[in-house]
1. Report whether or not residue A:271 is under 23 Å from the mean Cα position of the chain (by Cα), of a type in the set (A, V, I, L, M, F, W, C) and over 30 Å from residue B:276 (Cβ atoms).
2. Select the strands (runs of 3 or more DSSP E) contained entirely in region A:1-75, then report the ones holding at least 2 residues which are polar (S, T, N, Q).
3. Might you check whether a residue that is in contact with a strand residue (DSSP E or B) (Cβ under 8 Å, 6 or more places away or on another chain) and aromatic (Phe, Trp, Tyr) occurs anywhere in region A:269-282?
4. Might you let me know whether region A:226-249 holds any residue that is within 21 Å of the chain's Cα centre (by Cα), facing chain B (nearest Cβ under 8 Å), among the polar types (S, T, N, Q) and in a helix (DSSP H, G or I)?
5. Going residue by residue through region A:295-311, is there one that turns out to be basic (Lys, Arg) and surrounded by fewer than 21 Cβ atoms within 10 Å (Cβ to Cβ)?
6. Between B:291, B:270, which is surrounded by fewer than 23 Cβ atoms within 10 Å (Cβ to Cβ) and away from chain A (no Cβ under 13 Å)?
7. Anything in region A:80-116 that is buried (at least 17 other Cβ atoms within 10 Å of the Cβ), polar (S, T, N, Q) and assigned to a helix (DSSP H, G or I)? List them, or say none.
8. Going by what's in this entry, would residue B:315 be described as in a strand (DSSP E or B), under 30 Å from residue B:46 (Cα atoms) and more than 10 Å from chain A (Cβ to nearest Cβ)?
Amino acid sequence: MTLLEAKGLSIVFPTSRGEVKAVDQVDISLGEREFVGIAGESGAGKSTLALGMLRLLTPPGKVVAGEVLFHGTDILKLTDEQFRKDYRWTKLAMVFQGSMNGFTPVFTIGSQLKEVLALHGREASDSTISKLLETVDLDNSIASRYPHELSGGQKQRAFIAMALSLEPEVLVTDEPTTALDVITQATIINLLKRLRKELGISVLLITHDLALISEAVERLYVMYAGGVVEEGPSIDFFAKPKHPYSQGLLTSTPTLTSNEIKGIPGFLPDLANLPPGCRFTPRCPFAMEVCKRDYPPLKGVGGERVACWLY
Amino acid sequence: MPAGSTNDPVLKLEDLCVFFTSKRFMEKAVVVKAVDGVSLEVGRGEVVALVGESGSGKTTMGRAAIGLTAPTSGKVTLVENDLEVDVGKAKGKTWKGLRKRLQIIFQDPFSSIDPNMRVYDSLKIPLQSQGVKDAGEVSRTIDDVMRRVGLPKELLDNYVFQLSGGQRQRIGIARVLLFNPALVVADEPVSMLDASLKGDIIHIIEKEAKERGTAFIFITHDMAVARVAAQRIAVLYLGKVAEIGPSDRVIENPYHPYTKALLQASPTIEPGMRDKTKEVNVRGDLAISTEHPPGCVFHPRCPLVMDRCKTDVPELKELEPGHWASCWLY
């Protein structure tokens, strides 16, 4: 069953050069207990999409179209107070790349975890804290430590504990491991996989790293220049990506088994001045006349949906 | 040949140590051993990758290699036309001359290049400061490096802030190539770039190494990138070389438990993994401590630790031609 869903969501940032369409009519859904990934490079709009879905956008960015449904309720229509009280952190929690730096340096980890619990009227005892830390594989002694005494991986795990403290249904993680070393990265991804199974939460993982996504998710979206270009089960996608951008992204991902690496020639288009047709046309090896003219809709191809005129 | 050596070396690090001392008021001075007895040679036209986690000393080693950080002990030598220059002790004119021969590409193209400068000026100023005054030669050199990094000449009139991250990193490389240096330290040159742009940057480095014989020390935390970019990989742990050898061999036949753990943890395209837990065969995190553990520095995290590891420091041993590891298992 669908838990969280964005329908036709568009987000723009007004600038002196015109409106930057960061997210353009995007549909995304996350089912109950599902692990879904959003892959894409900088400028794809994946972080903006997540911020928009969790009502965390800061002005001048604004949602100009679409709705975000959580259990069928459009959470964009709620008042700030309603959303803060009933949804933020209690139902929908988010962990960012830099979250680990979000701890106040002057209080212990334990007291910062307690504060969240107390503010929401939950029991904030030492035993709750130690249980929380245990969920993320951290030792009880961490509670009495200050943030600067922890390694990056420990801090990120402590932050995940904080995000889980109010037992949310959805955990959105935006590049949760990008600033961390590979070994720490592997333990965090293991942790997310385990939490989904044990706690029955749904996880949305946003990252630029296709390899990382391939090891974690059941289903993924690939975004390019503000739109979804391909969506499908991860098994089908990695067996044979359909969109030329997805194909390029996969061959650009360095792997341990290959000595070769290819890039995708060219650069991302100017988001304030998008070409009329498919946004990938200028970099696409298969570009046709129709691609320059019309924006391709998402179409069913195999078990996936792809936005490309080749299909 | 000793560990880490190569034919036709252009840069030699001999038993290099870089220690940092920090002294707080009323406290005993503490010494952090960032690089602790590393010997490595980089050959002409060779790309050597330094791989390790944050805190392994790879950046400090790169900086010491081009003279930006003075060695505490040991020696850094630039070898050119049978002339040897002691990089660590160079001063005055020798030092300024060395700047043309030894260059560095930084990780972050947003903070390492002045955004308010025109692209042309950001390339012209280094040339002029090294005494290239002739306008014709300046513009010829600039056109040449722009071509080599694959940027159109039209960008020269743009301001740096108008460029994307990938284009800025190319400008960073173009500046380095102005003097056809003997050796370039590339410090995580692709880790801030999108996947689709990484390949192109690696190819530029490959081409410069092959066609002009420029040597590169390629610093990265990513084993997969190291394999693609470099002929040899040196795996560093707490300032020491844990393993060094030809890239293919280090990846396909790793000896050191730390190299194995790094490889195991590296993500690969593997959708079948989603229902499994990835094996992580090391304990805890790398601790940047002032006091390294006795014996093998990796022993507190090693899954195969033996009694001997806790007391004796393992030396690098050659386990197959050119492939060395420092571990008591062998």
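1. On the way: under 23 Å from the mean Cα position of the chain (by Cα): yes; of a type in the set (A, V, I, L, M, F, W, C): yes; over 30 Å from residue B:276 (Cβ atoms): yes.
Taking the combined requirement at face value, the residue satisfies it.
2. Values: elements: A:2-15, A:18-31, A:35-39, A:62-70.
Fully inside region A:1-75 and qualifying: A:2-15, A:18-31.
3. First, pick out the residues of region A:269-282 that are in contact with a strand residue (DSSP E or B) (Cβ under 8 Å, 6 or more places away or on another chain): A:271-274, A:279-280.
Of the ones still in play, those that are also aromatic (Phe, Trp, Tyr) are A:280.
There is at least one residue in region A:269-282 that is in contact with a strand residue (DSSP E or B) (Cβ under 8 Å, 6 or more places away or on another chain) and aromatic (Phe, Trp, Tyr).
4. yes
5. Residues of region A:295-311 that are basic (Lys, Arg), as a first pass: A:299, A:305.
Retained after the next criterion (residues that are surrounded by fewer than 21 Cβ atoms within 10 Å (Cβ to Cβ)): A:299, A:305.
Within region A:295-311, one or more residues are basic (Lys, Arg) and surrounded by fewer than 21 Cβ atoms within 10 Å (Cβ to Cβ).
6. On the way: B:270 fails: away from chain A (no Cβ under 13 Å).
Matching residue, one of B:291, B:270: B:291.
7. If the condition is that a residue be buried (at least 17 other Cβ atoms within 10 Å of the Cβ), polar (S, T, N, Q) and assigned to a helix (DSSP H, G or I), then A:99, A:112 are the ones that fit.
8. On the way: in a strand (DSSP E or B): no; under 30 Å from residue B:46 (Cα atoms): yes; more than 10 Å from chain A (Cβ to nearest Cβ): yes.
No: the conditions fail for residue B:315.
The values are calculated or read from the model by the stated rules, or taken from the named source; none is laboratory data. Computed from a prediction, not measured in an experiment: that's the story for all the values here. Because the Cβ atoms are built from the backbone with ideal geometry, glycine has one as well, and the counts that use them run over all protein chains shown.
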